[in-house]
Amino acid sequence: MKKVRIVILLFITIFSMMGCDFFGTRTETTTQVTTIPDTTQEITTVDSYEGPYFLGVNAADYIPEESIELAYNSSADNIIILKNRTTFDTRKSLILVSEESAVYYTTKSSPDYLVISIQQPDEVEDQYVISSITIQYPSGTKIKWTNSTTEPNGTRQWYSNFTNTLFYIPFTSPSTIDSQGYEYKVTAIQYINGVLNEDVRFAETAYDTVTVFVEKSPITSFGSFLAEYYPDDHNLVLVNYYNEDNAIIKEIYINDVLQLSGDLEYENGDEIHYTQPFTSFSPNFVLVRIVYDNGLGILRSMEAIAVTTGVYPNPYYLLTISTALQFNKIPKDYHDKITLTADITLTADFQPFTSYSFNIEGSGHTLTVPENLLFWEYYGDPYYLDQFAEVGLDMRHLQISGSVTLINHTNVYYYIFSHETIDHFNLVNIEFIDLNNL
């Protein structure tokens with residue numbers, strides 16, 4: 001019995017030392033807050049780091065290419081070997097900002113991306129990983145995205161940049177036009193802090209919603225000439241005219257002079273008769289601008305060339321350029337052939353071509369450009385570039401004086417020159433930057 005008493009006394013003593021009161025009238029539990037050292041803080045020397053911030057959401061129709069190596073066809077003797085470079089896509093999405101949300105315009109059933117912006121200090125950007133992003137869709141359905149989630153009825157997954165500050169979540173735009181738009185909302189974001197998933201804080205000024213407006217597909221000529229031009233008869237005949245959504249035309253300009261206005265409907269093969277006089281800057285083509293309704297009451301416009309017909313066996317459509325004014329009037333998505341008939345000097349405000357296929361026959365003339373002029377910047381659908389890979393950029397019998405930059409923001413191979421060897425070209429001070437962007 002004495003031994004039992006000693007054991008009981010020993011237990012009481014031990015529990016008393018641990019803070020347990022066996023003899024008081026009431027029992028109180030005391031919680032002591034213990035500060036656990038932040039090992040990440042010690043590694044990064046970031047003071048009082050509280051986790052990432054959500055800055056806002058917008059939308060885009062592309063994912064920028066980063067740290068992309070150039071590639072070339074080593075088996076082709078007529079291909080210039082390019083040095084590896086790093087570039088960042090600087091294309092601007094069609095994003096507007098209202099008082100309540102970002103506003104994004106797209107077309108029916110378009111494959112787009114929600115762009116989630118996260119702020120993290122440089123010292124920890126590769127240590128605090130975003131683990132999930134929850135999106136509320138226009139239907140009210142919520143999807144908790146992780147890096148293994150695929151788009152509903154699709155295979156696309158999210159993409160993040162190497163700093164964990166931009167996340168691209170794929171979505172397919174609705175197939176119908178709604179004047180109120182469609183709202184996509186970020187409702188929650190989590191990041192991994194050690195072994196725990198914690199909530200990302202939303203900045204006070206963060207836009208958590210982007211309103212997506214679906215509009216009619218743009219009227220286009222797919223980078224080609226739009227119509228045959230008959231100056232003697234004051235007529236244009238539409239030949240490469242694509243108005244897939246039957247958008248209503250409000251105005252038609254020729255060389256910046258208004259010719260027709262109202263609610264107009266045109267199809268391929270239709271004749272446009274013009275009556276208002278305009279300044280002729282070329283005997284071979286005029287610039288046509290078509291202003292149309294996007295289906296939401298907003299006016300959009302497209303520009304293309306109407307060309308005169310040539311005489312066989314010359315090219316059927318003859319687009320000759322003899323002045324810088326004419327050169328500047330070429331639509332920036334033009335992809336057919338032009339012929340220089342004189343030396344041309346461009347000014348520093350020249351806007352770059354964005355065509356996927358372009359042919360310049362220099363005829364021995366010189367194209368002089370300012371220093372560091374951006375001559376070609378391609379952002380289009382890689383599908384078209386793939387179809388016309390044998391054409392790419394074809395400049396023949398042309399001397400280029402000045403520094404020219406050519407940028408291709410796709411992941412599709414194409415040839416710099418085709419059909420002729422490099423010996424047929426006299427190129428001066430040409431700088432190729434990310435031409436193949438692979």
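The values are calculated or read from the model by the stated rules, or taken from the named source; none is laboratory data. No experiment lies behind these values; they were computed from the predicted model shown. Cβ placement follows ideal geometry from the backbone for every residue including glycine, while neighbour counts extend to all protein chains displayed. Just so you know, the surface numbers come from the protein's heavy atoms only, side chains and all, with ligands and any DNA or RNA stripped out. Shrake-Rupley method; radii C 1.70, N 1.55, O 1.52, S 1.80 Å.
Data table
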{"quantity": "Average accessible area per residue (Å²) across the range 132-201 - probe 1.4 Å, nucleic acids and ligands excluded", "calculated": "54"}
{"quantity": "Of all accessible heavy-atom area on the range 257-378, the percent that carbon and sulfur account for (1.4 Å)", "calculated": "50"}
{"quantity": "Heavy-atom accessible area per residue - the range 271-341, 1.4 Å, Å²", "calculated": "46"}
{"quantity": "Inter-site label distance for S179 and T323 at 7 Å from Cα along Cβ, in nm", "calculated": "4.6"}
{"quantity": "Peptides ranked, highest mean first, by Cβ atoms within 10 Å: ranges 129-135, 177-183", "calculated": "129-135, 177-183"}
{"quantity": "Carbon plus sulfur fraction of accessible area for the range 103-175, probe 1.4 Å, in percent", "calculated": "45"}
{"quantity": "Qualifying GluC sites (Glu not before Pro) in the range 255-348, DSSP loop, other Cβ atoms within 10 Å at most 15", "calculated": "E265, E267"}
{"quantity": "Relative counts (whole %) of C-alpha pair distances in the range 109-194, using bins that are 5 Å wide", "calculated": "3, 12, 24, 24, 16, 10, 6, 3, 1, 0"}
{"quantity": "Residue pairs, from the table K185/K216; K185/K332; K144/K332; K108/K250; K142/K216, whose Cα atoms sit over 31 Å apart", "calculated": "K185/K332; K144/K332"}
